[in-house]
Amino acid sequence: MASRLLLDGNAPAYNDAEKGLIDVHAPRPTTALPAFTTVSQVPSYPLDEKKADLTSPALFSPPEKKREPPAAVAPKPAGKKKQKVSKWTLWRLWFNTYRKFFTFVFTLNAIGIGLAASGHWPYAVQFSGAMVLGNLLFAILMRNEVFGRILYWFVNTFFAKWTPLWWRLGCTSVLQHLGGIHSGCALSGVLWLVLKVVDTFRHRDVSHDAILATGVATNLAVAVSALSAFPWVRNTHHNVFERHHRFVGWVGIVCTWIFVILGDSYDPTTRTWDPSGIHIAHQQDFWFISGMTVLVLIPWFCVREVPVDIELPSPKVAIVRFKRGMQQGLLGRISRSCIMEYHAFGIISEGTHSKYHYMICGVQGDFTRSLVNDPPATLWTRELKFAGVSNTSTLYKRGVRICTGTGIGAALSTCLQSPHWFLIWIGSDQEKTFGPTISGLIHRHIGPERLLLWDSKLRGGRPDTMKVLKEAYYGWEAEVVFITSNYIGNSEIMQGCKEEGIPAFGTLWDFVSPSPRTIPMTLSANLCLPRV
């Protein structure tokens, strides 16, 4: 049964700092921040308070210090410029594994299309349907929850801790950036389909009109589904993206089935139909489209309407509680309907043995606002959760998890379930905003020796993030840093880590210049999620 902890009927207005979106970019305090020199000094309270009761509200409070009168505050140095990042560092961050995968896959297919169109690759012309569907099958496979969980399980089981660090970092990078293969294969499949339909029209004198018509319909549906997933559409018109990528994509699969069956059962030599199906079952494209259909249907077999309990610690956040525990590093999709408007959020859980798991839903749009204004008693979810980059934390001996605002939803499980991970959480008015459930989880499971909570509202601004992160990384003897922040915060930390030679993985942003006000902070992995 949904519970509501607010007395008013509507969520009041809120600013960006309260959302947890821009708190790490608030102006720096004019007074000098404490310098951290060892990990034991990283916690947000003095060293002599280490043995204090962790249930104390002081967990979210800054260290006590004597405030100087306003007149004694030193003015901020004028003309201080942001540290310049080398172009080589920016290039390496931009041309990440995602784009490397996309470039490799698309270039390979482009060469194949060129050879087929020029007549230098007869096999691709003869079996053009297999070239189309082979690419589309692989694109869907890269976004399938079952396949992803199997990959993560295999890597985490067989390569954890004992393999060289460069290998484990490579495994994490590959798993995080599988979307590059997805995008490369999807776009290549569209171009192969265009080539096939054009070739069919070139030989329309020996082809049937029904094949030509379904070829055009298939081409249009697949093209619309692919184009709707382009970053500009997906991030500025999310509902347009979801409806077209999913529903037009389903129409494309139906059209593809018809196109395959008609094309494989028609003999252009005799201009007759073979309805027996034996010839169809021997064709590659028949099995490719069968595999695509199964992969699309599997996640929907796992959709359930489940009871939830919603805690509203503030008008800016809804804490959604579900039954059963989860392993760390997973994300889940929730919706008010069984088929539309699914939103992904990081999962917080104390472990698979736990009775509950949680999602932190920051109020940033109509869906999340409705969770506060009209909390439901049930939500639709896919019980088959998908793995995020944090799921590979088991590969490493020690690590640092840094997050801002509602990014704690994707980061906290890693530190709750492993004593080898250090948590840095930078936010605004954290205890008031996120309430007793989240603070209670931190109290019970994370000791002060591996925790830094920075309340930018109480402290007057953000810390020197890279300085704090470096102190924690080297003092904790970490092997890797995982980042969950908004676009600007993620970029700054990733640039700093790359300059310092610190291995780091951050949230993937596949657009160029977003406004921080429009960025939801719910995911820890690539935002180009499947909408099948």
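Of the helices (runs of 4 or more DSSP H) contained entirely in the range 244-328, those carrying at least 2 residues that are in the same structural domain as residue 156 (by the TED database) and surrounded by 15 or more Cβ atoms within 10 Å (Cβ to Cβ) fall at 249-265, 284-301.
Contact map, the range 215-226: first residue in the same structural domain as residue 197 (by the TED database) and open to solvent by less than 20 Å² (accessible area, probe 1.4 Å), second residue in a helix (DSSP H, G or I) and among the hydroxyl-bearing types (Ser, Thr, Tyr), Cβ cut-off under 6 Å, separation 6 or more or different chains; pairs are 215/200; 218/256.
Selection within the range 254-310: residues that are of a type in the set (D, E, K, R) and in contact with a Ser or Thr (Cβ under 8 Å, 6 or more places away or on another chain). The member of this set that is nearest to residue 126 (Cα to Cα) is 274. Of all the residues in the range 164-187, those that are among the hydroxyl-bearing types (Ser, Thr, Tyr) and modelled with pLDDT of 95 or more number 2.
The selection criterion, being in a helix (DSSP H, G or I), in the same structural domain as residue 191 (by the TED database) and open to solvent by 40 Å² or more (accessible area, probe 1.4 Å), does not hold for residue 105. Looking only at residues of the range 381-425 that are open to solvent by less than 10 Å² (accessible area, probe 1.4 Å) and more than 20 Å from the chain's Cα centre (by Cα), we find that the one that is farthest from residue 313 (Cα to Cα) is 396.
Let's see how each residue does on (1) open to solvent by less than 40 Å² (accessible area, probe 1.4 Å); (2) at pLDDT 90 or above; (3) not assigned by the TED database to the domain that holds residue 236:
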{"residue": "485", "(1), (2), (3)": "yes, yes, yes"}
{"residue": "493", "(1), (2), (3)": "yes, yes, yes"}
{"residue": "501", "(1), (2), (3)": "no, yes, yes"}
{"residue": "518", "(1), (2), (3)": "no, no, yes"}
{"residue": "526", "(1), (2), (3)": "yes, no, yes"}
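The values are calculated or read from the model by the stated rules, or taken from the named source; none is laboratory data. Note that this is a predicted model, so its numbers are computed, not measured. Neighbour counts run over all protein chains shown; Cβ positions are idealised from the backbone, glycine included. Protein only, heavy atoms only, side chains kept; ligands, DNA and RNA dropped before computing areas. Shrake-Rupley method; radii C 1.70, N 1.55, O 1.52, S 1.80 Å.
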